[in-house]
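Encoded as structure tokens, the structure appears first; notes follow it.
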Amino acid sequence: MLDSLDLRGCVENCQETGCVGSQQCFQHCIFTADGNISDGRWYLQEPLYLKWKQWDCHSDCRYYCMLAREEERRKLGEKPVKYHGRWPFRRVYGIQEPVSVSFSALNLAIQFHGWISFFILVNYKLPLTDNRKTYYEYSGLWHIYGVLAMNYWFWALVFHSR
């Protein structure tokens, strides 16, 4: 392997210089010895979307070093490898895995539709007992299941967006 394929060295160099290779530099990654941004101007700090996604200089350096390494692997005819348990994807509008986000959002919408349909069926279409309870005694468990499943798909969407 080539020395330029060394991911750890690339990340360390990026954190020291604020640049990946010679072509891509990040102003929010250039620090002074005391840990402040070298220029000190407020607009050179990490962009808001990076703070919201919890992408700091280290994770940004890891991402762009990964892309540089994969580009070199592609030129050498090698197959992609996983980084930190994930395949290398390009960010699209700040979303790391856009297809996974889309499918998680679709699953969330389908789960929500099913939960609402069940609620309407049990409470408005089927007859109720004399004391306004449903005849189906386990409907509460299905509501809990629906809420837990929607919670799962919401957090899957958040996970894949990072």
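The values are calculated or read from the model by the stated rules, or taken from the named source; none is laboratory data. The model shown is predicted, which means the values in this text are computed figures rather than measured ones. Ideal geometry is used to build each Cβ from the backbone, glycine not excepted, and the neighbour counts take in all protein chains shown. Accessible surface areas use protein heavy atoms only, side chains included; no ligands, DNA or RNA. Shrake-Rupley method; radii C 1.70, N 1.55, O 1.52, S 1.80 Å.
Listed here are the helices (runs of 4 or more DSSP H) enclosed by the range 47-162 that have at least 2 residues being open to solvent by less than 40 Å² (accessible area, probe 1.4 Å): 57-75, 98-120, 139-161. Residues that are touching a His at 6+ places or on another chain (Cβ under 7 Å), modelled with pLDDT of 70 or more and open to solvent by 40 Å² or more (accessible area, probe 1.4 Å) occur in the range 5-15; there is at least one. Put simply, of ASN151, ASN131 the only residue that is over 30 Å from ARG62 (Cα atoms) and free of Cβ contacts under 8 Å to residues at least 12 places away in the same chain is ASN131.
You will find that of PHE118, PHE159, the residue that is modelled with pLDDT of 80 or more and more than 22 Å from the chain's Cα centre (by Cα) is PHE118 and no other.
For the range 125-151, a residue qualifies if it is within 15 Å of GLY114 (Cα to Cα) and among the aromatic types (Phe, Trp, Tyr), and the qualifying residues are TRP142, TYR145.
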